[in-house]
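The block underneath contains the structure these notes are about, expressed in structure tokens.
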Amino acid sequence: MFHDGHRKLQVRFDGRQIADAFEQRFRLSELDSGEKKFIENSEFFLATAHDGSVDCSYKGGVLGFVQVPESASLEWTDYDGNSMYRSLGNIIGKPRVGLLFMRFGERPVRLRVNGVCELLDGASAGDKKITVRLHTEEMSANCPRYIPDLSRPSGSM
């Protein structure tokens, strides 16, 4: 879960013990029914990269647009949006991605999901919608401490 760069900073700033405990407690190999329900009722941020170009996009839709067909995979339909295809183009070149699911409000939740994507249909048929499947490699609950409660006035946590 952590590479040498992470570990170097954890040691420097006395975070190694916390990181080790986090890895033991919050690293997931499969999604349970609560996480599945959370994902299927959420939107997310998608981070992709390709040859020095990094991109992060918000992905939203009608609740339920993200599906969890298996405990270690996700699917969603990606529509053409502004027809730039930055995320999907990056996936074609480098399929490793990161997703961040968040729930704002009084009881915030954050879930990281990293893995490898494949485009299932529409990409070569000229269809304006493409189904994306993510094969999960790493999933973890993430500290919600600094997720703002958007129902409160700006600046309050």
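Bear in mind that the values in this text are calculations on the coordinates, not laboratory data. On a predicted model such as this, the values are computed, not experimentally measured, just so you know.
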Violations at 23 Å Cα threshold for listed pairs LYS94/LYS129; LYS36/LYS94; LYS59/LYS129; LYS36/LYS59; LYS37/LYS59 -> LYS36/LYS94
Inverse of <1/r> over all distinct C-alpha pairs of segment 31-142, i.e. the Kirkwood Rh in Å, gives 14.3
Hull volume per residue for segment 58-107, using the convex hull of the C-alpha atoms, in Å³ is 119
Length-normalised contact order of segment 31-142, Cα under 8 Å, at least 6 apart, in percent, tallies to 26
Expected vector for segment 4-9, Karplus 3J(HN,Hα) from phi with 6.51, -1.76, 1.60 and θ = phi - 60°, integer Hz, x for Gly and Pro, equals 4, x, 4, 5, 4, 6
Checked segment 1-97 against the a/c 1.5 cut and the a/b vs b/c comparison, axes a ≥ b ≥ c from its Cα gyration tensor; verdict oblate
